[in-house]
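Enquirer: Handing you this structure, nothing more for now.
The values are calculated or read from the model by the stated rules, or taken from the named source; none is laboratory data. Model, not experiment: these values are computed from the prediction. Cβ: placed from backbone, ideal geometry, glycine included. Neighbour counts: every protein chain shown.
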Amino acid sequence: MKPRALRRGSHEERPVAARILDGRAMADRWRAWVKAQVAAFRDRTGRVPGLATILIGDHPASQSYVRAKQRACAEVGIRTLHHHLPGEADRRTVLGLLGRLADDPEVHGILVQLPLPPHLDEEEILGAIPLEKDVDGFHPWNIGRLGLKGRDPYFVPCTPLGILTMLQEAQIPIAGRRAVVLGRSRIVGLPMALLLLRLDATVTVCHSRTPHLAEVTRQADLLIVAAGRPGLVRGEMVRPGAAVIDVGIHRVPDPQAPGGYRLVGDVVFEEVIQVAGALTPVPGGVGPMTVAMLLVNTLKAAQRQVEGSASPWPEPPPATAPL
Ligand code: NAP
């Protein structure tokens with residue numbers, strides 16, 4: 001495909017490429033900020049924020065996500081308590097554990113790693129997490145409040161919150177812009193669309209039954225791609241200059257790569273970088289910010305339960321370096 005313009009360099013002309021939004025660098029700043037806030041909270045209250053993680057079954061990707069979250073917590077001084085239940089654990093066992101964690105004053109946040117084994121009802125399990133400990137923000141009350149202008153949820157789901165924070169730090173305008181969200185999941189697509197609507201974007205949500213996808217995506221100033229389909233978004237589907245956020249994560253076999261695989265997103269990076277104005281890479285884009293926002297949410301859970309109040313919005317932002 002044709003590059004959209006040429007940049008005049010000292011020795012050669014090369015295509016103008018999108019600005020890469022470096023999620024790792026942003027997440028590092030947020031982690032440092034949370035670490036300082038956790039230390040200040042401990043000094044003020046004598047308490048340490050605590051996050052309980054629950055993993056049901058042995059799904060390898062889920063195990064590695066939970067481990068990454070625990071490591072990130074440890075680095076900033078948040079205590080984690082991990083509960084690993086067998087894949088065949090019944091609803092009474094899971095609800096009993098959630099009830100005990102709900103009553104435990106040392107546990108400020110509860111995270112149930114998804115997906116659940118099919119015999120468990122996600123609605124029932126997530127609905128049993130107390131609102132003030134729902135650091136993933138998946139409780140129907142929290143999702144509902146996200147959609148109501150003038151109301152605040154206790155928590156905003158970590159991936160959409162991370163994306164919003166990236167857009168804000170990169171000074172990409174939202175209000176009045178045309179936003180297209182690919183995907184309507186509870187974890188990413190739906191809360192992302194609600195968040196953008198709340199911030200006065202004009203939002204279109206696409207899903208697996210949306211016809212003529214490219215016609216819709218080409219209208220987007222902001223294109224959030226969370227379809228879980230590697231290579232879904234090609235260069236010709238993107239409006240020149242648009243900000244493209246690639247949420248997808250997929251392992252694809254690559255004999256040259258360490259471990260025999262590499263990570264790719266839902267976006268064809270080499271094509272979209274030639275067209276977009278800004279783009280998140282995979283890996284190193286949305287993923288690190290998702291984990292950073294879990295730390296922010298857990299800190300806020302502890303502040304709200306111990307000190308009485310906390311805004312769900314991650315302010316003040318850490319000092320930002322130029323992007
Ligand atoms: P999901 O629950 O499978 O939802 C995928 C959504 O995309 C569904 O709404 C589906 O439509 C829609 N979709 C599927 N194929 C489509 C197509 N061809 N065109 C348009 N829409 C399509 O997935 P998810 O949990 O939202 O995750 C999406 C991706 O993000 C996955 O790759 C996941 O691994 C990744 N992820 C990354 C992070 C991170 O931190 N980086 C966090 C969470 C998820 P229907 O509703 O019609 O089925």
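Enquirer: Considering only the stretch 268-314, how many residues are away from the ligand (no atom under 16 Å from the Cβ), part of a helix (DSSP H, G or I), within 30 Å of Gly235 (Cα to Cα) and in contact (Cβ under 8 Å) with a residue 40 or more places away in the chain?
Expert: So the answer is 1.
Enquirer: Within the stretch 252-267, take every residue that is in a loop (DSSP other than H, G, I, E, B), more than 16 Å from the ligand (Cβ to nearest atom) and of a type outside the set (A, V, I, L, M) and give me the one that is surrounded by the most Cβ atoms within 10 Å (Cβ to Cβ).
Expert: Only one residue tops the list, namely Asp254.
Enquirer: Just to be sure, is Gly248 within 7 Å of the ligand (Cβ to nearest atom) and either at pLDDT 95 or above or over 14 Å from the mean Cα position of the chain (by Cα) (or both)?
Expert: Considered against the rule, which asks whether it is within 7 Å of the ligand (Cβ to nearest atom) and either at pLDDT 95 or above or over 14 Å from the mean Cα position of the chain (by Cα) (or both), Gly248 comes out as yes.
Enquirer: Sort through Leu194, Leu222 and tell me the only one that's within 15 Å of the chain's Cα centre (by Cα) and within 20 Å of Val286 (Cβ to Cβ).
Expert: Testing whether each residue is within 15 Å of the chain's Cα centre (by Cα) and within 20 Å of Val286 (Cβ to Cβ) leaves just Leu194.
Enquirer: Report yes if Arg186 is out of contact with any Phe, Trp or Tyr (no Cβ under 9 Å at 6 or more places or on another chain) and in contact (Cβ under 8 Å) with a residue 12 or more places away in the chain, otherwise no.
Expert: no
Enquirer: Of the residues Gly87, Gly109, which single one is of a type in the set (Gly, Ala, Ser), in contact with a strand residue (DSSP E or B) (Cβ under 7 Å, 6 or more places away or on another chain) and within 24 Å of Gly46 (Cβ to Cβ)?
Expert: Gly109
Enquirer: Quick one: which of Leu101, Leu126 is away from the ligand (no atom under 16 Å from the Cβ) and within 28 Å of His59 (Cβ to Cβ)?
Expert: The conditions single out Leu101.
Enquirer: Strands (runs of 3 or more DSSP E) wholly in the stretch 1-90 with at least 1 residues that are modelled with pLDDT of 95 or more and in contact with a Ser or Thr (Cβ under 7 Å, 6 or more places away or on another chain) - which ones?
Expert: 50-56, 79-85
Enquirer: Additional query: If you check Leu85 against the conditions, is it touching a residue at least 24 places away in the same chain (Cβ under 8 Å), surrounded by 20 or more Cβ atoms within 10 Å (Cβ to Cβ) and over 26 Å from Trp30 (Cβ atoms)?
Expert: For Leu85, the condition - touching a residue at least 24 places away in the same chain (Cβ under 8 Å), surrounded by 20 or more Cβ atoms within 10 Å (Cβ to Cβ) and over 26 Å from Trp30 (Cβ atoms) - is not met.
One line per residue, one yes/no per condition, for (1) surrounded by 24 or more Cβ atoms within 10 Å (Cβ to Cβ); (2) assigned to a loop (DSSP other than H, G, I, E, B):
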residue: Ala175; (1), (2): no, yes
residue: Ser185; (1), (2): no, yes
residue: Pro191; (1), (2): yes, no
residue: Leu197; (1), (2): no, no
residue: Ala214; (1), (2): no, no
residue: Leu223; (1), (2): yes, no
residue: Arg229; (1), (2): no, yes
residue: Pro240; (1), (2): no, yes
residue: Val244; (1), (2): yes, no
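Enquirer: Suppose the filter is under 16 Å from Ala302 (Cβ atoms) and free of Cβ contacts under 8 Å to residues at least 40 places away in the same chain; does Ala74 pass it?
Expert: Yes.
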